[in-house]
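Read-outs: derived from the displayed coordinates by stated rules, not from any lab. Everything quoted here is computed from the prediction, not taken from an experiment. Quick reminder, even Gly has a Cβ in these numbers, built from the backbone with ideal geometry, and neighbours come from all protein chains shown.
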Amino acid sequence: QQSVFNETASLYSLDVGVTYDADFARIGVGVQNVTDSKKLWSTGRNDDQPIQWNVGLSTGVAAVRVLGSVSSQDNGMSLNVGAVYPVLENLTVLAGIHDIFKNWSTSVGLDLQLEEIGLIYTFAQSEVLGDTHKLGVEIGL
């Protein structure tokens with residue numbers, strides 16, 4: 001859910017992606033808003049959500065994984081960087097900067113892996129949306 005001034009918006013969409021573990025790095029490709037997603041505002045207005053393509057690469061430096069990705073949407077491209085640090089065997093801390101050359105925003109989160117299911121929570125700050133919270137579910141096949 002998003003809030004801007006006195007309005008709120010809700011959106012449900014499907015995101016899909018794949019990763020490949022090479023010797024030197026993990027490579028990932030993902031697509032967000034695959035379904036015909038509409039953001040539903042409290043005012044009754046509906047906004048179409050464009051499909052977003054993401055390509056990323058991560059590599060390890062000691063216990064920390066360093067990540068970089070490029071995201072492409074109708075309104076342009078953004079470059080993102082981040083890091084992942086394992087706190088426990090199944091719990092990692094996430095930190096990142098989105099859109100580092102334009103309207104950059106920071107995020108932090110936790111990734112909990114339980115057998116074949118992962119739960120990912122992130123908190124982000126944005127000039128446009130303010131504080132946002134995201135919860136993701138990851139299912140290993």
The chain, relative contact order in percent, only Cα pairs under 8 angstrom and at least six apart counted: 13 percent
The chain, dipole about Cα centre (Lys/Arg Cβ +1, Asp/Glu Cβ -1), debye to the nearest 20: 280 debye
Taking the stretch 25-141 on its own, what percent of its Cα-Cα pair distances exceed 16 Å? 71 percent
log₁₀ I(q)/I(0) of the stretch 1-67 at q = 0.19 Å⁻¹, via Debye over equal Cα point scatterers, no solvent, to two decimals? -0.78
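Contact order normalised by length for the stretch 81-136, with contacts defined as Cα pairs under 8 Å and 6 or more residues apart; what percent is it?
For the stretch 81-136, the relative contact order is 24 percent.
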Loop-located chymotrypsin sites (Phe, Trp or Tyr not before Pro) in the stretch 63-141 whose Cβ has at most 16 other Cβ within 10 Å (DSSP): F101, W104
